[in-house]
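Undergrad: Below is one structure. I have some questions about it.
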Amino acid sequence: MLIDPRTFANRRETALIQSDEESPELTQEFIVANRLGIHARVAAQIVKVACRFESEIFIAKSEAAVNAKSILDVMSLLCPYGSKVFVTARGPDAAQALNALAALFQTKFGES
Amino acid sequence: MNDHSSLTIRGIGAAPGIAIGKAFLLERGRIPVPRYRLFGEQAVAEECKRFEKAVAEAEADLEAIKKSIKTEFREHARLLEVQQMILRDPSIYDESLRYIKEERTNAQLAVIKSLRKAKELFNSLSNDEYAKSRIADVNAAGDRVIRILAGQNHTNLEHLHERAVIVAHDLSPADAIQLQAGRTLGIVTEIGGSVSHTSIVARSLGIPAVTGVENAARLISNNDFIIVDGRTGIIIINPGESELRFYTNRQDEISAYLKQISRHAHLPAQTSDGHRVSAEANIEAVEEIVAAKDNGAEAIGLYRTEFFFMNRVELPDEESLYRDYHDLAELMAPSQVTIRTLDLGAEKLTSWCPTLEEANPALGLRSIRLCLHYKEIFKTQLRAILRASAVARNIRLMLPLISGMEEIYQARRIFKEVQAELSAKRIPFDEDMPFGAMIEVPSAVAMADLLAQEVDFFSIGTNDLIQYAIGIDRSNEHVAYLYEALHPGVLRFIKQAVDAGHEAGIPVALCGEMAGEPLYVPILLGLKIDSFSMNPVALPRVKNLIRRSSMKECCRFANQVIHMRTASEIEQAVSKMVMRKFPEEFHVFDPNWTGNSTLAVPNKSGS
């Protein structure tokens, strides 16, 4: 599992990380379309999927970006219905990771 | 031994029965946290290991609880999953390790520090309610690890090793679901009413419980000897000899009585004058068949299919549904199994179920309406049921929340479509599978005569029918008092549905909680209900009363009752009737207790 060594404070301020040559960085925009927004159980789903990939994955909303592999981070992002978020994956399997997360967002996390 | 030190306190009787035993205080918070610095690399490495082990242990504990969760509380398993993830969250796990390694703090302090940071994060959020519950999640997860590190994990219920009465401010859903029926003699909580989560769990496990006992956790100390009467809500701390004798006798009476009637639970549900009805079980998982059969279920009167659809990201596929229904049918054969199609709605939110923005979900797109709307989900389930019906030809199909003919027509059309598809593929199914409707909406009662011509059986779902008939939400505390099963309007609805069914020559079952209440046996028999379907635990008592009732007398009684004007008048008549006809049932269970009312302790133990 890839571990992000940075602390909360740092991470909250992190803007989208920069791409480097070896590992591609991909970003995609999503709208949180389920009525309840990203609540605890949805956050758990996101983290579960994110942890399957080697890439670093971040979810950004306005200024803040959080680690998609941290349930606390994702739960703290407070994304109600209609929020616009950017999901960024950087690493060897960035494309697959983004696809998997896109599927979650697009199916409204199985909610409505 | 001092008789004068006994103290009697009162709460709300939430689950009947008497518990006598040592108190086990479930206290949370206030764990002394040692703080020290680690010297040397060796100490640091060891402390890291200790921390990692504690997290693994906490994780395993949570996993064990998750596995032991009763099917009806599976929704809460998700909460535990969130806790597990929090434990492994880099902000807790890696941070704690970082504190140990870099600042050389001991593990407990390291955890507390990282927890504090995590909580600060939520405190800064604008949504208070949300922040509060996330902080509660973080605390619950952290608490578990800290207790393990302190070697103090015994206040978790899974570490309750002797039989005891659990005393707590409140039981969290996580606590409630890990109650071990064998070790938990009784439950006392400071908050909660008779419809709280704790009460429901306690009743389903048959554990006596008293809730709403102010200051219970302060007045009762660990290892205090206490008596809990779940009927009357009375708790006696350090009882005197006479009190102890009285309650021990009561307890013996109850268990002897239950044992005695359980011995006859396998006998058919037939009244003393030869009127045969059926006593059936409501279950929601195949594993419950054992309990159902042990308690004398003659069939499965209600198989709830919702739980297979909950707690999963994707819809269950036909194959897994088929396997489930197949096992159910096979294990119960040749007895009947009534499968209710998906009855999901507002109060049973799942992660996948497409719900809409609804101001009043109880009156919204739910149950059969939802199935007719999302036809593919419905068809998948129908296909699985039909395929399983070929096994032993003992499956009945039951549609919930039918409000009129149109829904029957539509459902029937889809049902025929599925049958045709199966036939085309030469997949066998039971062509004669009975097709029934639940009667739980007033309009269905009004049209029962017409509906009866279209279906093969009725099953009255009183839980919903009572709410819709009286127009109240029973979880709303302001009107909950109006929720009365014996409301004349409700009884008349039941009678109307039964009569319409019988007029058309179809059987009428009752599968709400009412069916499992022994008090209601005479009136329901008198209204000519054909089968009673209930929580398996309730079967022996209900069956016993059915067997001891005379149908003739019950009919006469029902005829009187149906003309009464108020619920309280009916309640009195029912109590009197049961008291007279079944004195030992009265003696043991005190039928004056209906719902929340508390009564004084009977002053004589009687004979």
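Any read-out appearing in this document is the output of simple, stated calculations on the displayed coordinates, not a laboratory observation. Remember, it's a predicted structure, so these values are computed and weren't measured experimentally. With ideal geometry, Cβ positions are generated from the backbone for all residues, glycine too; neighbour counts draw on all protein chains shown.
Undergrad: Amide H to amide H, which residues 5 or more places from residue B:438 or on other chains are under 5 Å from it, using H placed in the peptide plane?
TA: For residue B:438, the qualifying residues are B:399, B:401, B:402, B:459.
Undergrad: By per-residue mean of other Cβ atoms within 10 Å, what is the highest-first order of B:394-401, B:504-511, B:363-370?
TA: Working: B:394-401: 24.9, B:504-511: 21.5, B:363-370: 19.5.
In descending order of packing, they fall as B:394-401, B:504-511, B:363-370.
Undergrad: For the range B:427-463, which chymotrypsin sites (Phe, Trp or Tyr not before Pro) pass both filters: DSSP loop (anything but H, G, I, E, B) and at most 13 other C-beta atoms within 10 Å?
TA: Passing sites in the range B:427-463 do not exist.
Undergrad: By a straight-distance test (C-alpha under 20 Å), which aspartates and glutamates pair with residue B:67 as possible cross-link partners, with residues fewer than eight away in the same chain excluded?
TA: Straight-distance partners of residue B:67: B:57, B:59, B:75, B:81, B:137, B:158, B:175, B:284, B:287, B:288, B:306, B:324.
Undergrad: If R₀ is 25 angstrom, what is the calculated FRET efficiency for the pair residue B:562 and residue B:473, using the beta carbon separation as r and rounding to 0.05? Display every interim value, and only then the final one.
TA: Details: r = 26 Å, r/R0 = 1.06.
Result of the calculation: an efficiency of 0.40.
Undergrad: From other protein chains only, count the Cβ atoms within 10 Å of every residue's Cβ in A:74-86, then give the mean.
TA: Details: counts 2, 14, 11, 1, 8, 0, 2, 1, 0, 0, 0, 0, 0.
Neighbouring Cβ atoms belonging to other protein chains average 3 per residue here.
Undergrad: Now for a separate question. Compute the Cα gyration tensor for chain B, then decide on rounded, prolate or oblate, letting a ≥ b ≥ c be the square roots of its eigenvalues: rounded whenever a/c is under 1.5, prolate when a/b is larger than b/c in the other cases, and oblate in all that remain.
TA: Details: a/c = 2.20, a/b = 1.33, b/c = 1.66.
Oblate, because a/c is 1.5 or more while a/b does not exceed b/c.
Undergrad: Further question: At 7 Å along Cα-to-Cβ for each site, give me the label-to-label distance between residue B:319 and residue B:481 in nm.
TA: Reported label-point gap for residue B:319 and residue B:481 is 5.7 nm.
Undergrad: Ignore the peptide's own chain and count Cβ atoms of other chains within 10 Å of each Cβ in B:90-97; give me the average, rounded.
TA: Working: counts 15, 12, 3, 2, 6, 4, 0, 1.
Rounded to a whole number, the mean comes out at 5.
Undergrad: Please give the contour-minus-distance gain from residue B:552 to residue B:463: 0.36 nm per residue of separation, less the Cα-Cα distance, rounded to one decimal in nm. Walk me through the intermediate numbers first.
TA: Numbers: separation 89, 0.36 × 89 = 32.04 nm, distance 2.75 nm.
My answer for the length gained is 29.3 nm.
Undergrad: Near the amide H of residue B:280, under 5 Å away, which other amide H atoms are found, from residues 5 or more places off or on another chain, if H is placed in the peptide plane?
TA: Long-range HN contacts for residue B:280: B:298, B:532, B:533, B:534.
Undergrad: Cα-Cα over 25 Å: which of B:49/B:117; A:69/B:66; B:293/B:495; B:259/B:495; B:293/B:576; B:495/B:552?
TA: Values: B:49/B:117 22 Å; A:69/B:66 22 Å; B:293/B:495 29 Å; B:259/B:495 34 Å; B:293/B:576 32 Å; B:495/B:552 16 Å.
In this structure, B:293/B:495; B:259/B:495; B:293/B:576 lie more than 25 Å apart at Cα.
Undergrad: Quickly work out the residue B:569-to-residue B:242 label distance, labels modelled 7 Å from Cα along the C-beta direction, and quote it in nm with one decimal.
TA: Distance between label points: 4.2 nm.
Undergrad: Hey, another quick one. According to a simple spin-label model (label point 7 Å from Cα along Cα-to-Cβ), what is the distance in nm between residue B:584 and residue B:161?
TA: If labels sit at residue B:161 and residue B:584, their model points lie 4.1 nm apart.
Undergrad: Another one. So which aspartates and glutamates can residue A:61 reach, going by Cα to Cα under 18 Å and dropping same-chain residues fewer than 8 places off?
TA: Counting by Cα, and skipping residues close in sequence, residue A:61 has these aspartates and glutamates nearby: A:13, A:25, A:29, A:73.
Undergrad: Let me ask something else. By how many degrees, 0 to 90 and rounded to 10, does the Cα axis of helix B:539-548 deviate from the longest principal axis of chain B?
TA: It works out to around 30 degrees.
Undergrad: Right, next: Helix-only estimate, please: 222 nm mean residue ellipticity of chain B, summing -39500 (n - 2.57) across DSSP H runs of length 4 or more and dividing by its residues, to the nearest 500. Working shown, then result.
TA: On the way: 23 runs with 279 residues, N = 607.
Dividing the helical sum by the residues of chain B leaves -14500 deg cm²/dmol.
Undergrad: Once you sort the root eigenvalues of the Cα gyration tensor of the range B:40-151 as a ≥ b ≥ c, which label holds: rounded (a/c under 1.5), prolate (a/b larger than b/c) or oblate (the other case)?
TA: Details: a/c = 2.99, a/b = 1.35, b/c = 2.22.
It comes out oblate by the Cα gyration axes.
Undergrad: Still on this model: Classify the range A:36-110 as rounded, prolate or oblate, taking a ≥ b ≥ c as the square roots of the eigenvalues of its Cα gyration tensor: rounded when a/c is under 1.5, otherwise prolate if a/b is larger than b/c and oblate if not. Could you put the intermediate results ahead of the total?
TA: Working: a/c = 1.56, a/b = 1.35, b/c = 1.16.
It comes out prolate by the Cα gyration axes.
Undergrad: What's the center-to-center distance, using Cα atoms, between the range B:280-310 and the range B:246-276 in Å?
TA: 22 Å
Undergrad: Still on this structure, please answer the following. For a quick check: sort B:224, B:430, B:229, B:128 by the number of other beta carbons within 10 angstrom, fewest at the front. Show your work: numbers first, answer last.
TA: Working: B:224 17, B:430 20, B:229 25, B:128 10.
Final ranking by Cβ density, sparse to dense: B:128, B:224, B:430, B:229.
Undergrad: In addition: Considering only chain B, what is the antiparallel percent among its DSSP beta bridges, to the nearest 5? Present the calculation step by step, with values, prior to reporting the outcome.
TA: Values: 18 of 55 bridges.
Antiparallel bridges make up about 35 percent of those DSSP assigns within chain B.
Undergrad: Further, regarding this structure: I'd like the GluC sites (Glu not before Pro) in the range B:251-321 restricted to DSSP loop residues with at most 16 other Cβ atoms within 10 Å, sorted by number.
TA: Details: sites: B:253, B:280, B:284, B:287, B:288, B:298, B:306, B:314, B:318, B:319; in loops: B:284, B:298, B:314.
Counting only loop positions with at most 16 other Cβ atoms within 10 Å, the GluC sites (Glu not before Pro) in the range B:251-321 are B:314.
Undergrad: Just to confirm the number: angle between the C-alpha axis of helix B:405-424 and the first principal axis of chain B, 0 to 90 degrees, nearest 10?
TA: Approximately 80 degrees, to the nearest ten.
Undergrad: Could you pull out the GluC sites (Glu not before Pro) across the range B:550-581 that fall in loop regions by DSSP (anything but H, G, I, E, B) with no more than 15 other Cβ atoms inside 10 Å?
TA: Details: sites: B:553, B:569, B:571; in loops: none.
Sites meeting the loop and neighbour criteria: none at all.
Undergrad: Hey, another quick one. Just counting partner chain Cβ atoms within 10 Å, what average do the residues of peptide B:81-88 show around their Cβ?
TA: On the way: counts 6, 7, 2, 2, 12, 6, 1, 6.
Counting other chains' Cβ atoms within 10 Å and averaging over B:81-88 gives 5.
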